[in-house]
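Read through the structure below, which is laid out as structure tokens, and then see the notes.
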């Protein structure tokens, strides 16, 4: 019971972090270029990849049934 | 430049290949490893990327920089919530055999046909521009490749490539989506074909991207460097502060909602899902797909701006760039990618829409018209199929007409966003319905219809800009009322039309849902129904609300008309077996069986139609208050879970209390051990100290008299003996404890002899203390198996205690031996102060000397009873203490009598 709630809370947390990272005003902090690449390009795809990675880790970790837990 | 027949041929060949894939998958029964895998599920979700992504994204990037991205960040965010929102949609849809989003919203609000029809109509109207977008994109691509007129829709009808695209796509949509009626509306073949198209889309855009970056330029650094050098292009990514504002946020929110509400996304995410676990994969693989397909969008857009400066339509850069690099094959690949994107979108969208139109609008209406006699027709599957095909043709035709009518200057993305705002109107009712018990049907209808009206007013009508009337209407407002201008409603300016419309429509929508729902008094039955959707952890076994009965043959013939006789019989047989009914003899259907038939029908013709059909032949009884209460209780599984949690915590409390007790016992034992050490220390030191003191006197005073010397030596000897005794007892106890429960010696012991021997040994002591000792040995055999010497020791010990605790004058003790059934009882009684009940359990502990509490310290070391208890236990007996008659304590020992063979 607790485990499921914790998992749920983590996904909601990721959603909130993503919503903040992907939107203005945080977005408008990144302008110009870095090493010749557009900073916003690097930032957006980097943050995006990180969120996907976090979702993947969380989902793959918790989708395996734990001890004492029935497989769904 | 390429020949038209070649392009047409390749395009049609490609679509035929896809159809062959779908056909093969379904011919094999659709149970191949491929269909129904999580990979196919994930890739089919990518039907989200229509030609809007493929061509429009680049166009948008070329004009506005990064704001093509929110459309893909939104779904990423939505899928972060997938385990909560999408999983619930999946579970509820599975349990209720939901076939479309209209069905789901309709089912949530009391299986109401009206609201499902409303959702369907809005979906059709809202998605027409989106389908128009796909047709135009294909036509534009075709025009670019063949270098004909770039403006589709301006040619006379027979030469309009968009018309041909529409016709071909209609045929394929019918082939994919409405070849036969599938229960549950699963289309495994279509899913695999869509997955294949998704792979091609991604590959195609990536190949073009690599070609542009490394073929036309020297890598990313070169491309970005040259773009930065052209001020006009550089402004695309070197933005001033606050470039992205409300419009970015609005697009993110719209895309998020669209992922859940677009009929085609609902079709692939929910309806076509075969295994809930696929979602665990898809929630990160689908966003990953979106990331990968967008990786090259900005580089291609920048390259297009640099190399095609005079291009008036940035939406076709994906095709124009390979042509510029003299790579016609690559251009063809890009064209096929665009066709894939458009075709998959049109096929799935029209399939989903046709199911909605057929199940939620046309069929319920036809079934209600009694004069048609539809309910009496024997086979309706062909009718269903033709309704669907008709719906597909109508939807695509509407899309084509809209495309011809709409001015061609509007970019692809803007048209698509219009549709996003329209379908976002479903979100409040959908999410509110799934997570808020209080959402009512009236609230949902009010929200959706008001939101849709605002959408029509602020986006759809103004999109017909080349009507002079409309243009005037945009500038001045209706009848010249400035406050009602569609792009600046109530004077709200500074937002682009899409953001403006999204804000007003969703505000009105959510507001109406909340206000109407909260003002309305919910009927108990509606409340119970809402509880099924909102609170049920597993809606599959949610209780049945409607108390309905019907005759099973009636239901059977009804279902057979839509599913065929064999399929119906098989389904009912397995259902009946599961419930322990005999399918051959069951006649009257209870509420659950009626529900089963309704869901079975619903899986083919949708919940709304099924309700109408089943409603015609069932008898419905009103629901009592008790039932409603029961349903409310039953569905509140949360409460039950809480109960379980409480039980668990109680068990935990009990366990911790036990632990506490054990801990207290350990602490007590620890204290006893400390006492033990202290006592031993004291007991050993006292005799040692006196021995030492008297020895020193003897050494230092050689002239002591003989009498004194003898006296001192006697003391020394006595103290040494006491020491020896103490050490002996300690050793004895530890030996007994080490030997466990096995008697050291096992022989037949005559207890009468033991009693006589021990009383004889103690007689002197009793005489010295002036305590009388009565010995009472009953007649008869009293033999036990054991150790004679140890038993004597026990009795001596008990007798010693009796002497110690008997009063100085008139002390009396009694030692008795009695036979008690199979056991022999030894009792040692005294007339001393007795032992209070609270202390009876602890007197047998080591060094537990009751003298402490009685003010005087008795002699002895406090090991006697502990040793006695051990010995008795070794003999398999028990020892305890109780009150003696006339005051005092009596120690009793019971031992099992030995079976002695009768002397022959």
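Only one of (1) crowded, with 16+ Cβ neighbours inside 10 Å; (2) in contact with a strand residue (DSSP E or B) (Cβ under 8 Å, 6 or more places away or on another chain) fails for residue A:42. Which number is that?
The failed condition is (1).
Quick grid of which residues meet (1) assigned to a helix (DSSP H, G or I); (2) loosely packed, with under 13 Cβ neighbours inside 10 Å; (3) modelled with pLDDT under 80:
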| site | (1), (2), (3) |
| --- | --- |
| B:776 | no, yes, no |
| B:781 | no, yes, yes |
| B:785 | no, no, no |
| B:796 | yes, no, no |
| B:799 | yes, no, no |
| B:808 | no, yes, yes |
| B:813 | no, no, no |
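It is to be established whether one or more residues within region A:62-71 are modelled with pLDDT of 75 or more and buried (at least 16 other Cβ atoms within 10 Å of the Cβ).
First, the residues of region A:62-71 that are modelled with pLDDT of 75 or more: none.
So far as region A:62-71 goes, no, none of its residues is modelled with pLDDT of 75 or more and buried (at least 16 other Cβ atoms within 10 Å of the Cβ).
If you scan region A:1-24, which residues turn out to be facing chain B (nearest Cβ under 8 Å) and exposed (fewer than 12 other Cβ atoms within 10 Å of the Cβ)?
Within region A:1-24, just A:1 meets the criteria.
Go through (1) under 25 Å from residue B:301 (Cβ atoms); (2) surrounded by fewer than 20 Cβ atoms within 10 Å (Cβ to Cβ) for residue B:46 and report which single condition fails.
Result: residue B:46 fails condition (2) only.
Name the residues in region B:653-698 that are touching a residue at least 24 places away in the same chain (Cβ under 8 Å) and surrounded by fewer than 13 Cβ atoms within 10 Å (Cβ to Cβ), would you?
Listed by number, the list is empty, since nothing qualifies.
Given (1) modelled with pLDDT of 80 or more; (2) in contact with a helix residue (DSSP H, G or I) (Cβ under 8 Å, 6 or more places away or on another chain), where does residue B:708 come up short, assuming only one miss?
(2)
Does residue B:71 meet the test of being surrounded by fewer than 22 Cβ atoms within 10 Å (Cβ to Cβ) and more than 24 Å from the chain's Cα centre (by Cα)? Explain how you work it out, then say what you get.
Numbers: surrounded by fewer than 22 Cβ atoms within 10 Å (Cβ to Cβ): no; more than 24 Å from the chain's Cα centre (by Cα): yes.
No.
What number of residues in region B:842-875 are within 22 Å of residue B:673 (Cβ to Cβ), assigned to a loop (DSSP other than H, G, I, E, B) and at pLDDT 75 or above?
From region B:842-875, those within 22 Å of residue B:673 (Cβ to Cβ) are B:842-853, B:857-858, B:860-871, B:873; that's our starting set.
If we keep only those that are assigned to a loop (DSSP other than H, G, I, E, B) too, we end up with B:842-849, B:857-858, B:860-863.
Narrowing the set further to residues that are at pLDDT 75 or above leaves B:842-844.
Result for region B:842-875: 3.
Given the condition assigned to a helix (DSSP H, G or I) and more than 30 Å from residue B:297 (Cβ to Cβ), answer yes or no: does some residue in region B:131-140 qualify?
In the first step, residues of region B:131-140 are kept if they are assigned to a helix (DSSP H, G or I); the result is B:131-140.
From what's left, more than 30 Å from residue B:297 (Cβ to Cβ): none.
No, the conditions are met nowhere in region B:131-140.
Limited to region A:25-44, what total is found for residues that are facing another protein chain (nearest Cβ under 7 Å) and under 19 Å from residue B:244 (Cα atoms)? Break it down stepwise before answering.
Residues of region A:25-44 that are facing another protein chain (nearest Cβ under 7 Å), as a first pass: A:27-28, A:31-33, A:36-38, A:40-41, A:44.
When the remaining residues are screened for being under 19 Å from residue B:244 (Cα atoms), the result is A:27-28, A:31-33, A:38, A:40-41, A:44.
Of the residues in that region, 9 qualify.
Per-residue answers, yes or no, for (1) crowded, with 24+ Cβ neighbours inside 10 Å; (2) more than 26 Å from the chain's Cα centre (by Cα); (3) in contact (Cβ under 8 Å) with a residue 60 or more places away in the chain:
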residue: B:423; (1), (2), (3): yes, yes, yes
residue: B:429; (1), (2), (3): yes, no, yes
residue: B:434; (1), (2), (3): no, no, yes
residue: B:437; (1), (2), (3): no, no, yes
residue: B:445; (1), (2), (3): no, yes, yes
residue: B:451; (1), (2), (3): yes, yes, yes
residue: B:454; (1), (2), (3): no, yes, no
residue: B:457; (1), (2), (3): no, yes, no
residue: B:472; (1), (2), (3): no, yes, no
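Give the residue that is modelled with the lowest pLDDT, with candidates limited to residues of region B:94-105 that are surrounded by fewer than 24 Cβ atoms within 10 Å (Cβ to Cβ) and assigned to a helix (DSSP H, G or I). First the steps, then the outcome.
Here is the first cut: in region B:94-105, the residues surrounded by fewer than 24 Cβ atoms within 10 Å (Cβ to Cβ) are B:94-95, B:97.
Add one more test, that the residue is assigned to a helix (DSSP H, G or I), and what stays is B:94-95.
Details: B:94: 81, B:95: 78.
Filtering region B:94-105 for residues that are surrounded by fewer than 24 Cβ atoms within 10 Å (Cβ to Cβ) and assigned to a helix (DSSP H, G or I), the one modelled with the lowest pLDDT comes out as B:95.
In region A:25-39, which residues are part of a helix (DSSP H, G or I) and either crowded, with 18+ Cβ neighbours inside 10 Å or over 18 Å from the mean Cα position of the chain (by Cα) (or both)? It would help to see each step written out before you state the result.
Our first condition is that a residue be part of a helix (DSSP H, G or I); within region A:25-39, this holds for A:26-29, A:39.
Correct list: A:27, A:28, A:29, A:39.
Condition (residue is at pLDDT below 90, surrounded by fewer than 19 Cβ atoms within 10 Å (Cβ to Cβ), under 12 Å from residue B:438 (Cα atoms) and touching a helix residue (DSSP H, G or I) at 6+ places or on another chain (Cβ under 6 Å)) applied to region B:496-514: is it met by at least one residue?
no
The values are calculated or read from the model by the stated rules, or taken from the named source; none is laboratory data. If you're wondering where the values come from, they're calculated on a predicted model, not measured in any experiment. FYI the Cβ positions are ideal-geometry reconstructions off the backbone, even for glycines, and counts take in every protein chain you see.
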